[in-house]
Amino acid sequence: MDVRSILSEVPDYQSFFTMDEMDRSSHQLAQEYPETVELFEIGRSRRGHPINCLKIGHGSRNVLAFASPHPNEPIGSTMLEFLTRKIASDPKLWKDLDVTWYCIKSVDPDGTKLNEGWFKGPYNILNYARNFFRPAGFEQVEWTFPFEYKTLKWDKPIPETAALAALIREIKPVFMYSLHNAGFGGVYWYISEDMPEVYPKLWALVDELGLPLRLGEPEMPYAKAFAKAVYRQSSTKDNYEYVAKFQKKDPALVIKHGGGSFDFVKEVCDAFTLVCEAPYFFNTDIANLSDSDMLRSEAVLVSCDISDEFNDFCREHVQRMERYVTPGNSLFTAVKAFSQAGSSESKRNWAMTSPECQRMATVAEKFTNLYSTRFYSALSVGMLMRSAQRELCEDPDAPEDKAETLKQVRDLAWDKLKATCEFLEREIDYQVVPIRKLVTIQLASGLYYLNEVLKKS
């Protein structure tokens, strides 16, 4: 497989695809290539939208790629728009590899629709944050797979997760690509097993595209690195043990979700799993490994302070508007869950007690803690604003007390969101990554790792 040749064909995408656009293109592809492509539903979303899967090819080994397990992450959907058409029009991509491709452009259609306000631009941090949606952990496709470990038992998969789990059980893929992406930072990967022969190819491509690797703080303190910007796939078990060690309470009371797709597929068929995290926005400091002017523990504690301040703000206003919220307001459910679950106790204890935090922070680690944290924290404020506005729109004749409270929450959230984004615009010289580059790195990651997996299977 000539990966470089395939990458050269990626179009210069100017925007992300809406759910309706993806549905139309999937039906069109199946009509154009009826002998190679089959389009079928694996299930329905909670609001009744079909979850479509494209089956392409007739190989003996199955490959599964699904996009938008977090619906604020549409790079994978765009990558699958390109890849599915490429596979269908070039049978060598399944015949030579002896694979059947199963591709889901969005496994969370409802959540995808709630992000479409920023899909067509403009691409800046304010427009992203004011139109952002990410479900609560217990309503995420990625984190509601059945799971049992010590005191934690989860048996409440949402319909979207149940549909995906049934497909995994049926096809038992040798390779599974859960298509995520970052918001702000650099490029990094999660994989289920060490594969050092692939890393130099991807590092070289990232450099060629003018993007940085994410070399600051990992997403989770317990993440284990195989190499720079390459981590072992994290599990709910890892999260459980981290909470048990640093929070000294039953982790089942803290972790309000189930297992991930990685946990589930490992039990079903032990497929190789891949996640490629590529950002919409970046600053080159994210890859700077020189020493900063503060200890790593100090930087982490500042990050905790920032998270706590934003969570306190959201909790206060969640309490104010809670009695006015109608059932089914997923924006409100998400803000409430994130602000309640956002305790920094474990992270603070880790920072103060772990030897690896008692050195100077790198510039990358300082940047991640002081600026990336503020960016991600602001996203809940955006959802708070949207949840209040949604209630006002759905009840235009609301009683005065309800309308006044919701307007106050909306306006205060907007003021905080705008001020935070203005601060970030002033303090960091960030760049917007062209969509073609994002699709290219996700596509290359999938093809390079797949090539190696198939050699060994």
Looking only at the stretch 310-348, which residues are assigned to a helix (DSSP H, G or I), over 14 Å from LEU384 (Cα atoms) and touching a residue at least 12 places away in the same chain (Cβ under 8 Å)?
ALA341, GLU345, SER346, LYS347, ARG348
Does the stretch 385-416 hold any residues that are buried (at least 22 other Cβ atoms within 10 Å of the Cβ) and closer than 27 Å to ALA299 by Cα, and which are they?
ALA413
What is the one condition in (1) surrounded by fewer than 22 Cβ atoms within 10 Å (Cβ to Cβ); (2) touching a residue at least 40 places away in the same chain (Cβ under 8 Å) that GLU365 does not satisfy?
(1)
Test of understanding: among PHE338, PHE272, which residue is under 26 Å from GLN140 (Cα atoms) and in the same structural domain as GLN247 (by TED's automatic domain parsing)?
PHE272
Taking only pairs six or more apart or across chains, which ones have beta-carbon atoms under 8 Å, a first residue in the stretch 171-182 that is not assigned by TED's automatic domain parsing to the domain that holds GLU73, and a second residue that is assigned to a loop (DSSP other than H, G, I, E, B)?
none
Test: LEU443 is at pLDDT 95 or above and closer than 22 Å to SER15 by Cβ:
yes
Options ALA413, ALA351, ALA398; residue that is over 24 Å from ILE286 (Cβ atoms), in a helix (DSSP H, G or I) and not β-branched (Val, Ile, Thr)
ALA413
Would you please list the contacts, defined by Cβ atoms under 9 Å and residues six or more apart or on different chains, that run from a residue in the stretch 435-448 that is assigned by TED's automatic domain parsing to the domain that holds LEU205 and closer than 18 Å to PHE282 by Cβ to a residue that is charged (D, E, K, R) and assigned to a helix (DSSP H, G or I)?
VAL439/GLU81; ALA444/ARG4; ALA444/LYS201
Mind checking which residues of the stretch 366-396 are in contact with a Lys or Arg (Cβ under 6 Å, 6 or more places away or on another chain) and within 29 Å of LYS249 (Cα to Cα)?
VAL381
Here is a list: LYS249, LYS256, LYS266, LYS237. Which entry is charged (D, E, K, R), surrounded by fewer than 19 Cβ atoms within 10 Å (Cβ to Cβ), part of a helix (DSSP H, G or I) and in contact with a helix residue (DSSP H, G or I) (Cβ under 8 Å, 6 or more places away or on another chain)?
LYS237
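The values are calculated or read from the model by the stated rules, or taken from the named source; none is laboratory data. Just so you know, these numbers come straight off a predicted model, no measurement behind them. Cβ atoms come from the backbone with ideal geometry, glycine included; neighbour counts cover every protein chain shown.
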